[in-house]
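Novice: Sharing a structure with you now.
The values are calculated or read from the model by the stated rules, or taken from the named source; none is laboratory data. What you are looking at is a predicted structure, and each value in this text was computed from that prediction instead of being measured. Cβ placement follows ideal geometry from the backbone for every residue including glycine, while neighbour counts extend to all protein chains displayed.
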Amino acid sequence: MKNLRSIGLCYTVVVLLAGCAPQAVEKPVDMVWPNPPETPRIRYIRSLSQVDEFGRSGRSWLETLFGEDVSGAMSKPYGVATDQEGRVYVTDSGQGAVWVFDEKEKKVSFLGTSGQGQLKQPIGIAVDDRGIIFVSDVVLQRVFGLDREGNLVVAIGKKDELINPSGLAIDRASGRLYVADPRAHKIRVYNSADGSFAFEFGKRGKEDGELNFPTNLFIGNGKLYITDTGNFRIQIFDLDGKYLKKFGDVGDGPGQLARPRGVAADSEGHIYVADAAFDNFQIFDEEGRLYLFVGAAGHRPGTFWLPAGMHIDNEDKIYVVDSYNRRVQVFQYLGEKYRAKVAKTKAG
């Protein structure tokens, strides 16, 4: 039995390190969009990608287990979210785990690797005011609520209720958890505290309010933003599921959408859409007019290879999962909130 446990433990670690390769330490870069002499709106901050992200002192439980020098990088990252204390959570379907980047503590750790909350193929992620991390798993067909130690708090979705749970969003005011179910062409809504079903909306179609493989969600400014992938558009609903507006059409030109993935919104109402065909993210105003686009195909900072999930935090930091480059890139929207913070810091 002891040998079996050892084998199981080693297997878990091998899975977590599968596909990993040492990566060079990222050198500081100063990039803004648009280019000078235009007024900058977006600034590149950094990327997150590996166990050694914060140096040797930030290494996780892997080193504690074996007492040896180990390193690991992301495999297939998809979803990203943050909590109120600035931790960054990233789902990794290739490793069946959630990465946790804690810059304050200079620590990288994992969730969902063991116990009742063990994950197989995590995709969507959202964090509530209590610090509970909700993760959708397309293989297990459920959404799991985990505490910061990885303990299972709540499991959402009865047998055969969720077909393909993907993108998640949580309304922190009401505690409602919104789950995109692409193959059902619906958004299902649950009470996050106990996992009980609240309501659902959507049906397959191309008319206003109808959905065709909805994948990614974001809640901001009192609205629910949905990537309506099969219709090549973003649809906006109120938090009770009432249709408000839409924008986007299929094409390969600026302002059009080809393979839309992550969606998010900043504090000023700008809407961000990652597109895996363009290897960038585009920024639109509330009427769907193109404001700016950031990125191009590549491997350097500020470029992308199949961007996926997106998230914007309360400080207007923008997190973009750069899936095939196996990293999360972090940007800052240089809006009123940011300028006020800088002014306050300078004033002492």
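Novice: Within region 156-196, restricting attention to residues that are closer than 20 Å to Tyr225 by Cβ and acidic (Asp, Glu), which residue is surrounded by the fewest Cβ atoms within 10 Å (Cβ to Cβ)?
Specialist: Selected residue: Asp171.
Novice: Shifting gears a bit: So, in region 309-337, of the ones that are assigned to a strand (DSSP E or B) and in contact with an Asp or Glu (Cβ under 8 Å, 6 or more places away or on another chain), which residue ends up surrounded by the most Cβ atoms within 10 Å (Cβ to Cβ)?
Specialist: It comes out as Val328.
Novice: A follow-up question, please. Which residue pairs have Cβ atoms under 9 Å apart, sit 6 or more places apart or on different chains, and have a first residue in region 186-202 that is without any contact (Cβ under 8 Å) to a residue 24 or more places away in the chain and among the hydroxyl-bearing types (Ser, Thr, Tyr) and a second that is in a strand (DSSP E or B) and surrounded by 22 or more Cβ atoms within 10 Å (Cβ to Cβ)?
Specialist: Partner pairs satisfying both residue conditions: Ser196/Ile156; Ser196/Tyr190.
Novice: Let me ask you something else. Among the residues of region 201-211, which ones are in a strand (DSSP E or B) and surrounded by fewer than 17 Cβ atoms within 10 Å (Cβ to Cβ)?
Specialist: Hit for region 201-211 is Arg204, nothing else.
Novice: On the basis of being assigned to a strand (DSSP E or B), modelled with pLDDT of 95 or more and more than 15 Å from Gly241 (Cβ to Cβ), does Ala155 make the cut?
Specialist: Yes: the conditions hold for Ala155.
Novice: Within region 294-313, how many residues turn out to be hydrophobic (A, V, I, L, M, F, W, C), free of Cβ contacts under 8 Å to residues at least 60 places away in the same chain and more than 12 Å from Phe331 (Cβ to Cβ)?
Specialist: Selection size over region 294-313: 4.
Novice: How many of the residues making up region 163-190 are in a strand (DSSP E or B) and more than 14 Å from Ala126 (Cβ to Cβ)?
Specialist: Residues meeting the conditions: 2.
Novice: Right, next: Quick check: is even one residue across region 30-43 among the basic types (Lys, Arg), modelled with pLDDT of 95 or more, under 18 Å from the mean Cα position of the chain (by Cα) and not in a strand (DSSP E or B)?
Specialist: Within region 30-43, not a single residue is among the basic types (Lys, Arg), modelled with pLDDT of 95 or more, under 18 Å from the mean Cα position of the chain (by Cα) and not in a strand (DSSP E or B).
Novice: Please count how many residues of region 221-235 are surrounded by 20 or more Cβ atoms within 10 Å (Cβ to Cβ) and assigned to a strand (DSSP E or B).
Specialist: 8
Condition check ((1) in a strand (DSSP E or B); (2) among the charged types (D, E, K, R); (3) at pLDDT below 95; (4) crowded, with 16+ Cβ neighbours inside 10 Å) across all residues:
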| residue | (1), (2), (3), (4) |
| --- | --- |
| Gly241 | no, no, no, yes |
| Lys245 | yes, yes, no, no |
| Val263 | yes, no, no, yes |
| Glu268 | no, yes, no, no |
| Tyr272 | yes, no, no, yes |
| Gln282 | yes, no, no, yes |
| Gly288 | no, no, no, yes |
| Leu292 | yes, no, no, yes |
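Novice: Here is a further query. Name the residue that is surrounded by the most Cβ atoms within 10 Å (Cβ to Cβ), counting only residues in region 132-144 that are over 16 Å from the mean Cα position of the chain (by Cα) and farther than 23 Å from Gly241 by Cα.
Specialist: Filtering first and then ranking leaves Leu140.
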